[in-house]
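A.B. asks: What follows is a structure written as structure tokens; I'll ask about it next.
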Amino acid sequence: MSIFIDTSGFIAVLDMDDASHAMAAEAWTEILTSEEVLVSTNYVLVETCALVQNRLGMKAIKLFQEDIVPVLRIEWIGKVVHHAAMGAMLAIDRKKLSLVDCVSFQTMRLLGVTTAFTFDRHFKEQGFICIPV
């Protein structure tokens with residue numbers, strides 16, 4: 001089984017000032033000790049790096065790159081998934097639903113992943129199981 005790791009999960013783990021940090025840190029520890037494959041996308045990595053660099057600085061980026069990224073299976077998004085996600089985003093027509101989210105949903109469906117480590121309500125709206133609950 002696999003767990004998809006979303007930007008909001010990464011941010012909550014890395015940012016000790018985040019309102020969800022304690023809950024995220026506890027869930028992250030449980031996830032790391034599980035047998036689950038941790039999946040993310042290169043789109044999530046780019047989004048996470050941009051946010052972490054802006055909010056927390058380069059030391060946090062280094063921590064992310066050296067300690068977190070190595071435990072992930074990264075799905076590299078190609079043209080087909082990108083176009084499908086863009087089409088879904090345009091069809092849904094919601095200002096706050098990002099292309100990165102739509103790529104994540106598309107990737108999860110293609111891989112058969114049903115659970116995400118996220119604090120983004122859009123995953124639940126799309127029918128995915130969210131950790132932490």
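Nothing in this text is a laboratory measurement; each read-out follows from the coordinates by a stated rule. Here the structure is a predicted model, which is why all the values come from computation and not from measurement. Here the Cβ positions follow ideal geometry from the backbone for every residue, glycine too, while neighbour counts run over all protein chains shown.
A.B. asks: Answer yes or no as to whether residue 124 is charged (D, E, K, R), loosely packed, with under 15 Cβ neighbours inside 10 Å and closer than 19 Å to residue 2 by Cα.
C.D. replies: For residue 124, the condition - charged (D, E, K, R), loosely packed, with under 15 Cβ neighbours inside 10 Å and closer than 19 Å to residue 2 by Cα - is met.
A.B. asks: Name the residue, out of 103, 113, that is in contact with a helix residue (DSSP H, G or I) (Cβ under 7 Å, 6 or more places away or on another chain) and either in contact (Cβ under 8 Å) with a residue 40 or more places away in the chain or part of a helix (DSSP H, G or I) (or both).
C.D. replies: After applying the criteria, what remains is 103.
A.B. asks: Test each condition in (1) closer than 18 Å to residue 127 by Cα; (2) hydrophobic (A, V, I, L, M, F, W, C); (3) touching a Ser or Thr at 6+ places or on another chain (Cβ under 8 Å); (4) not in a helix (DSSP H, G or I) for residue 77 and report the one that comes out false.
C.D. replies: Result: residue 77 passes all but (1).
A.B. asks: So residue 86 passes all but one of these: (1) under 25 Å from residue 133 (Cα atoms); (2) in contact with a helix residue (DSSP H, G or I) (Cβ under 7 Å, 6 or more places away or on another chain); (3) in a helix (DSSP H, G or I). Which condition number does it fail?
C.D. replies: Tallying (1) under 25 Å from residue 133 (Cα atoms); (2) in contact with a helix residue (DSSP H, G or I) (Cβ under 7 Å, 6 or more places away or on another chain); (3) in a helix (DSSP H, G or I), residue 86 fails exactly one: (1).
A.B. asks: List the helices (runs of 4 or more DSSP H) that sit entirely inside segment 1-70 and contain at least 1 residues that are farther than 16 Å from residue 118 by Cα and under 13 Å from the mean Cα position of the chain (by Cα).
C.D. replies: Output list reads 42-56.
A.B. asks: Go through 37, 69, 81, 133 for me and flag whichever is exposed (fewer than 12 other Cβ atoms within 10 Å of the Cβ) and either touching a Lys or Arg at 6+ places or on another chain (Cβ under 7 Å) or without any contact (Cβ under 8 Å) to a residue 40 or more places away in the chain (or both).
C.D. replies: After ruling out the rest, the residue left standing is 133.
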